[in-house]
Structures are given as structure tokens and as C-alpha cells.
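Reading through the C-alpha cells given below for one structure.
The values are calculated or read from the model by the stated rules, or taken from the named source; none is laboratory data. Note that the coordinates shown come from a computational prediction; the quantities given were computed from them, not determined experimentally. We place every Cβ from the backbone using ideal geometry, glycine too, and count neighbours over all the protein chains shown. Just the protein is used for accessible areas: all its heavy atoms, side chains included, with ligands, DNA and RNA removed. Shrake-Rupley method; radii C 1.70, N 1.55, O 1.52, S 1.80 Å.
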Amino acid sequence: MSAPPPAMPHAFAPPAAIAQLAAPPAWQAVDFIADLHLNPAEPATVAAWQRYMLGTAASAVFILGDLFEAWVGDDAARQPGLEAQCAATLRAAAARRPVHFMRGNRDFLVGPAFLAACGVQDLPDPVTLIFGDQRWLLSHGDALCLDDAPYQQFRQQVRQPAWQRQFLARPLAERQAIARHMRGQSSARQQAMNQWADVDADAARALLAAARAPVLIHGHTHRPASHTLGAGLSRIVLSDWCLDAPAPRAEVLRLRPGQPPARISPQAALTPEA
């Protein structure tokens, strides 16, 4: 895999059209999660996610990117291992309630055939959810971190169909080795940075205006918080999950019609009252 090209100034332009998804009237609660980065080295996180997916009391679950630490191709799920286990969990969860999946910067190679086989709905990024008489703009969030110019250049490269075809044509073992190398590079780069790039406020406002939505829900930055953007606009940042860390963290964002968004634990999400 070639290195990303030299950083260039990155301008943000909202999509010409943003997809919409209208929630069925029967939906009473909708859950949002992101940035679980599931991998074999974090079994407690994997187990918590499996319990949550199979037992949540929500009417629907929206996974907004980076469910997996890395995804090198759908054929990985045909081998024994974590990917196959997660596929089985997704299938079982989707048989109980609608599950929607948006790709992130770590699992952008998840294919539509894999999602279809799991019974999971494929979400574009961004997409507007109409729920509870309000429009909610959903995104992973990485495309809005404009200050990280090297990453934006890399993102543009790897989202190209030609690049993806070339990468997926490599043997599975080679792709897995490349992914390990890339994760090592990413970790070293993050440790060297004084501060991680955050979502650009102007870009968020422009995207909300294009979607005609007052609230953006996103992940990616691992900085769970709510931010006001002025003029009645705001963004809600989802928590990452890491139950194997010295200070475990995991959070579900739950929406109910007519109520403010609630941040709850995966365990609390199993109860209808939460």
C-alpha cells in the first residue's frame, strides 16, 4: 500500500443530496453506538457489544462507524475468528430489530453483500433520520475533521473504487498484515500529535444546513460531548467503547420521541425504562 500523498488544503463541500430515512411510527426508542473498534485483544468489549446487540430494548440500532478495529474484506468473515463471530451476532440482532450500519474510517471496506447476508441495513454517510417529528443528521464524522489534512488525503485515496479493487485483490493474509502495519502507524502518529483534529464547526453547520436538520450525531473523535453551533444548531458526539481499559468506557445514545437524547450504559440499554 502506498503512502498517502502530501497534505494539501482540504475544503469541505456538503453532498448535493443527502439521503433520508423515515422511522416507522411504531419505533419508540432508537439507539446509536460508534467506535467500538472490536478486535480479539479486547474480549470484554466484544462480549459487552454482543450482550447489548442481542438484548437492547430499543426499537432499532444505528451503528455509526468503526464497529471493527479493521476490516480487510468480507472474506475474512468466512474464516473462523472474530469477524465470523460478529457476523453471527449481527444476524441474530437483525432478526430481532432493525440494525443499520454506517462505515467508518476503520471499516470502510465492509461490503453491501456482507451486510445483506447479516440482514443489516446499509447506511450512507451522511444520512438524515426523521424520528419523533425531528430531523437528525447522522455521520461517522471523519470527513468533517478538516484540520487533519494528511488523513483527509488518505481518506480520499482509499475511498476510490479502483484503490479498493486493487487492495481486495490481494491475498487475505497480506491484507491483514497491511492492516496491522497501518494500525501501528496510526497509533504512532496519534501519540506524536499534541491534539487530535476535531470536527470543523463551519463544516458541521454547512452539512446541517444542507440536510435541513438542527442536530448532528456522530462519532470518530472519541470525545463524547454535546456542542452548540449557534443559530439553534448542535452536534452530539458518541462515546467510543473500551471495556478492557483501566478506566472502562462504553455508552449508548438513546432517542425517544419528545424527550432529550439520553446517554446510558450498555447494561441500562437492556431495560425498556431507560
**Study point:** Matching residues in the range 74-109 - criterion: being free of Cβ contacts under 8 Å to residues at least 24 places away in the same chain and either among the small types (Gly, Ala, Ser) or part of a loop (DSSP other than H, G, I, E, B) (or both)
**Key:** 80, 84, 88
Exercise for review: Could you look through the range 137-178, keep only residues that are aromatic (Phe, Trp, Tyr) and closer than 20 Å to residue 69 by Cβ, and pick out the one that is modelled with the highest pLDDT?
Suggested key: 167
Review point. Mind checking which pairs have a first residue in the range 258-274 that is without any contact (Cβ under 8 Å) to a residue 60 or more places away in the chain and a second that is basic (Lys, Arg) and assigned to a loop (DSSP other than H, G, I, E, B), Cβ under 8 Å, 6 or more apart or different chains?
Key: 262/256
Review point. Out of all the residues in the range 73-106, which are of a type in the set (A, V, I, L, M) and more than 16 Å from the chain's Cα centre (by Cα)?
Key: 76, 77, 82, 84, 87, 88, 92, 93, 94, 95
Practice item. Output the residue which, of all residues in the range 49-69 that are surrounded by 21 or more Cβ atoms within 10 Å (Cβ to Cβ), among the aliphatic types (A, V, I, L, M) and touching a residue at least 60 places away in the same chain (Cβ under 8 Å), is farthest from residue 93 (Cα to Cα). Key: 64
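From the list 71, 49, which one is part of a loop (DSSP other than H, G, I, E, B) and either closer than 30 Å to residue 150 by Cα or among the aromatic types (Phe, Trp, Tyr) (or both)?
Working: 49 fails: part of a loop (DSSP other than H, G, I, E, B).
Checking each option against the conditions leaves just 71.
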Check your understanding: Can you tell me how many residues in the range 17-46 are open to solvent by 10 Å² or more (accessible area, probe 1.4 Å), in a loop (DSSP other than H, G, I, E, B) and within 15 Å of residue 244 (Cα to Cα)?
Key -> 5
**Study point:** Failed criterion for residue 115 (all others in (1) assigned to a helix (DSSP H, G or I); (2) open to solvent by 30 Å² or more (accessible area, probe 1.4 Å) hold)
**Key:** (2)
